[in-house]
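Okay, structure first, notes after.
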């Protein structure tokens, strides 16, 4: 089909009119900005790892290039990432509503990831910035046992007339996730239904336990105070009877001091 310059311009105007109508109905329309003129869509560890995983599946190979192009052209709007769900509006010849369901990460698989990451996460900042050792990176990005979804765990639904397993609008949304993870990497854990803090707390607890058991300078020290974290030891309130006994002893001590002062000194 031959498209003239006038046809393309008319399509753009038609889309803008449709967007304006939806905005009047109270719908938001926020474009997902993607880097133009750069080979890579994502600049950070998490965004790049998402895109590499996406491109590793042959099921998606033929549809991915058009999706990248749509994303770079600013055609993805209102991308939302929720537990087990992606949603966005993509501008094609019309505006298409796209929903993608992603199964939660199996608990058994997540527990194995947490176990494998023991002692390897320095802080939440390091985790979200992707400042991780090679071993942990391999665990998190493993195609079979890592954080990223497999094709069989993904289901697509788009309002466009393309009945292919993955249309270009779905592809654009999936690539959009990689762009969004550059600024909000915690959304990957939200999408898979897991708590990234478990990776950090597991590492911290193991490190503290090791220090507590050591015979060095920190052995037996109050590690809760040193590291500013709660090690789970509950501080129980002092029983009322004990408080009364302490106050009574203090009064006796004060009275004894007064009596000692009043006694005459011997030559």
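The values are calculated or read from the model by the stated rules, or taken from the named source; none is laboratory data. The shown structure was predicted, so the numbers you read here are calculated from the model rather than taken from an experiment. Neighbour counts are summed over all protein chains in view; Cβ atoms, including those assigned to glycine, are modelled from backbone coordinates with ideal geometry.
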Task: Selection status of residue 195, surrounded by fewer than 18 Cβ atoms within 10 Å (Cβ to Cβ), closer than 25 Å to residue 93 by Cα and touching a helix residue (DSSP H, G or I) at 6+ places or on another chain (Cβ under 8 Å) - done: no
Task: Test: residue in segment 90-112 that is in contact with a strand residue (DSSP E or B) (Cβ under 9 Å, 6 or more places away or on another chain), over 20 Å from residue 139 (Cβ atoms), surrounded by fewer than 17 Cβ atoms within 10 Å (Cβ to Cβ) and free of Cβ contacts under 8 Å to residues at least 60 places away in the same chain - done: yes
Open item on the list: Exactly one of these conditions fails for residue 207: (1) in contact with a helix residue (DSSP H, G or I) (Cβ under 6 Å, 6 or more places away or on another chain); (2) modelled with pLDDT under 95. Give me its number.
Closed with: (1)
- [ ] Could you look through segment 132-168, keep only residues that are in contact with a strand residue (DSSP E or B) (Cβ under 7 Å, 6 or more places away or on another chain) and within 16 Å of residue 191 (Cα to Cα), and pick out the one that is surrounded by the fewest Cβ atoms within 10 Å (Cβ to Cβ)?
- [x] 155
- [ ] Name the one entry in 173, 139 that is touching a helix residue (DSSP H, G or I) at 6+ places or on another chain (Cβ under 9 Å) and at pLDDT 95 or above.
- [x] 173
- [ ] Restricting attention to segment 32-56, report how many residues are at pLDDT 85 or above and surrounded by 15 or more Cβ atoms within 10 Å (Cβ to Cβ).
- [x] 13
- [ ] Answer yes or no: is there a residue in segment 123-131 that is touching a helix residue (DSSP H, G or I) at 6+ places or on another chain (Cβ under 7 Å), outside any loop (DSSP other than H, G, I, E, B), crowded, with 22+ Cβ neighbours inside 10 Å and in contact (Cβ under 8 Å) with a residue 12 or more places away in the chain.
- [x] yes
Task: Residue under evaluation residue 74, criteria (1) touching a residue at least 24 places away in the same chain (Cβ under 8 Å); (2) exposed (fewer than 14 other Cβ atoms within 10 Å of the Cβ); (3) closer than 26 Å to residue 137 by Cβ; (4) within 26 Å of the chain's Cα centre (by Cα), criterion not met - done: (3)
Open item on the list: Conditions first: (1) closer than 30 Å to residue 96 by Cα; (2) buried (at least 18 other Cβ atoms within 10 Å of the Cβ); (3) modelled with pLDDT of 90 or more. Residue 183 passes all but one, so which condition is the exception?
Closed with: (2)
Task: Breaking point among (1) out of contact with any helix residue (DSSP H, G or I) (no Cβ under 8 Å at 6 or more places or on another chain); (2) over 18 Å from residue 178 (Cβ atoms), for residue 29 - done: (1)
- [ ] For segment 135-146, state whether one or more residues are free of Cβ contacts under 8 Å to residues at least 60 places away in the same chain, under 25 Å from residue 86 (Cβ atoms) and part of a helix (DSSP H, G or I).
- [x] yes
